[in-house]
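The values are calculated or read from the model by the stated rules, or taken from the named source; none is laboratory data. Just so it is clear, the structure is predicted and the values come from calculations on it, not from any experiment. Neighbour counts are summed over all protein chains in view; Cβ atoms, including those assigned to glycine, are modelled from backbone coordinates with ideal geometry. When the accessible area is computed, the model is the full protein with side chains, heavy atoms only, and any ligands, DNA or RNA have been set aside. Shrake-Rupley method; radii C 1.70, N 1.55, O 1.52, S 1.80 Å.
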Amino acid sequence: MARPTTKADLMEAAENNYAELKKFMESMTEQELSTPFDFSKDEKKKEAHWQRDKDLKDILVHLYEWHQLTLDWVPSNQRGEAKSFLPKPYTWKTYGQMNMFFWKKHQNTTLEEAKEMLERSHREIMQLAERFSNEELFAKGVFDWVGNSALGSYFVSNTSSHYAWALKKLKAHRKNCKTGG
């Protein structure tokens, strides 16, 4: 599916990709769940996240934490509290460091806790998106605190696109488990 450009497409893509992610997680074998992620032999997988995340829990808490960014940023700005999407001291050039902070923060989080956290934050982010009209989500310039983007682009990035990223990573891990690396 193409990147959503309407509220209806956003809601559908987010729910469908989340359902697909959950279905894949439920199908993971004990071997897949217990084998640490290792993409070091794949020359195409050089981005930091390929080395950072070591298991399903790491992916789920990553999704959860990015939901939290949106769930904090939108209501804060709606209340008139000027807040950047990324918390200080992070910027779009250093958000990889923030992702590592999230990873470290959740090393004692269990897989079951991560699943519950993501389930809750998914519901919350969908409820938040539902409150906005199509125009509020996808017309640029509606909210000055969004800058030159549309608010909906943040919801797309933190739901459907992020779920597709997670699923791609899990599928690559499954392939590694079957081929032995």
Check: Hey, which lysines would be in cross-link range of residue 23, C-alpha to C-alpha under 23 Å, not counting anything within fewer than 8 residues on its own chain?
Finding: 54, 57, 115, 168, 169, 171, 175, 178
Notebook entry, point to check: Given the C-alpha centroids of region 75-122 and region 135-156, what is the distance between them in whole angstrom?
Noted result: 20 Å
Check: How much of the accessible area of the chain, in percent, comes from carbon and sulfur atoms when a 1.4 Å probe is used?
Finding: 51 percent
Check: Hey, what's the chain come to in accessible area per residue, 1.4 Å probe, Å²?
Finding: 55 Å²
Note to self: What does the C-alpha gyration tensor say about the overall shape of region 18-121? Classify as rounded when a/c is under 1.5, otherwise prolate if a/b is larger than b/c, or oblate.
What the structure shows: oblate
Next item on the list: Starting from region 1-103, pick out the trypsin sites (Lys or Arg not before Pro) whose DSSP state is loop and whose Cβ has at most 11 other Cβ atoms within 10 Å.
Entry: 41, 44, 46, 79, 93
Check: When the chain is fully extended, how far beyond the present Cα-Cα distance does residue 148 get from residue 179, taking 0.36 nm per residue of separation?
Finding: 6.7 nm
Item checked: Angle between the chain longest axis and helix 111-130 axis [Cα atoms, degrees, rounded to 10] -> 30 degrees
Checklist line | Using alpha-carbon coordinates, inclination of helix 7-27 to the longest axis of the chain, degrees | finding: 20 degrees
Check: Whole number please: convex hull volume per residue of the Cα set in region 72-162, in Å³?
Finding: 116 Å³
Note to self: Please report the equivalent ellipsoid semi-axes of region 63-123, computed as sqrt(5 x eigenvalue) of the Cα gyration tensor, largest first, in whole Å.
What the structure shows: 22, 17, 7
Checklist line | GluC sites (Glu not before Pro) within region 1-79: DSSP coil, no more than 16 neighbouring Cβ in 10 Å | finding: 43, 47
